[in-house]
Amino acid sequence: MLLITVELISARTGQRSTLGFAEIYNDATGDEGTGNYVCKLYKWGAGRRVWKAGSVSMFPRLKLGPWDLMYRALRDIVGSRNRL
């Protein structure tokens, strides 16, 4: 399982505040070269209540790394939200 934590660290005090976290885990339905993953996002202040969930299918885990998996999970769950 990948656990991704987003923290805000104060430049003045060094105090850390967790803004949210994500869990990405293999659902055990893939094969040696590709994996299928369940992805869950949790918001700050909501405890262990899932904010949004999604999945990544047929991920080429032998060719791509964790940042690509995280990107695909975010793309599936929240899409393209920051259009200006």
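The values are calculated or read from the model by the stated rules, or taken from the named source; none is laboratory data. All values derive from a computational prediction rather than experimental measurement. Glycine also receives a Cβ, built like all others from the backbone with ideal geometry; neighbour counts cover every protein chain displayed.
Observations on the model:
- Selection count, region 41-51, where residues are part of a strand (DSSP E or B) and more than 16 Å from the chain's Cα centre (by Cα): 0
- Qualifying residue in region 68-77 (condition: in contact (Cβ under 8 Å) with a residue 24 or more places away in the chain, touching a Ser or Thr at 6+ places or on another chain (Cβ under 7 Å) and outside any strand (DSSP E or B)): yes
- Conditions (1) among the small types (Gly, Ala, Ser); (2) surrounded by 10 or more Cβ atoms within 10 Å (Cβ to Cβ); (3) at positive phi: number failed by Gly47: (2)
- Qualifying residue in region 21-40 (condition: hydrophobic (A, V, I, L, M, F, W, C), loosely packed, with under 13 Cβ neighbours inside 10 Å and in a helix (DSSP H, G or I)): no
- Any chance Gly54 is part of a loop (DSSP other than H, G, I, E, B), within 28 Å of Ser17 (Cβ to Cβ) and either of a type outside the set (A, V, I, L, M, F, W, C) or in contact with a His (Cβ under 6 Å, 6 or more places away or on another chain) (or both): no
- Residue list for region 33-51, restricted to those being touching a residue at least 12 places away in the same chain (Cβ under 8 Å) and farther than 16 Å from Leu69 by Cα: Tyr42, Lys43, Trp44, Trp51
- Search result, residues across region 57-66 that are among the basic types (Lys, Arg) and either part of a strand (DSSP E or B) or at pLDDT 95 or above (or both): Lys63
- A Cβ distance below 9 Å, combined with a sequence gap of six or more or placement on separate chains, defines the contacts here; from region 12-29, residues that are closer than 18 Å to Asp68 by Cβ reach residues that are hydroxyl-bearing (Ser, Thr, Tyr) and assigned to a strand (DSSP E or B) in the pairs Ala22/Thr5; Ala22/Tyr42; Glu23/Tyr42; Ile24/Tyr37; Tyr25/Tyr37; Asn26/Tyr37; Asp27/Tyr37; Asp27/Ser55.
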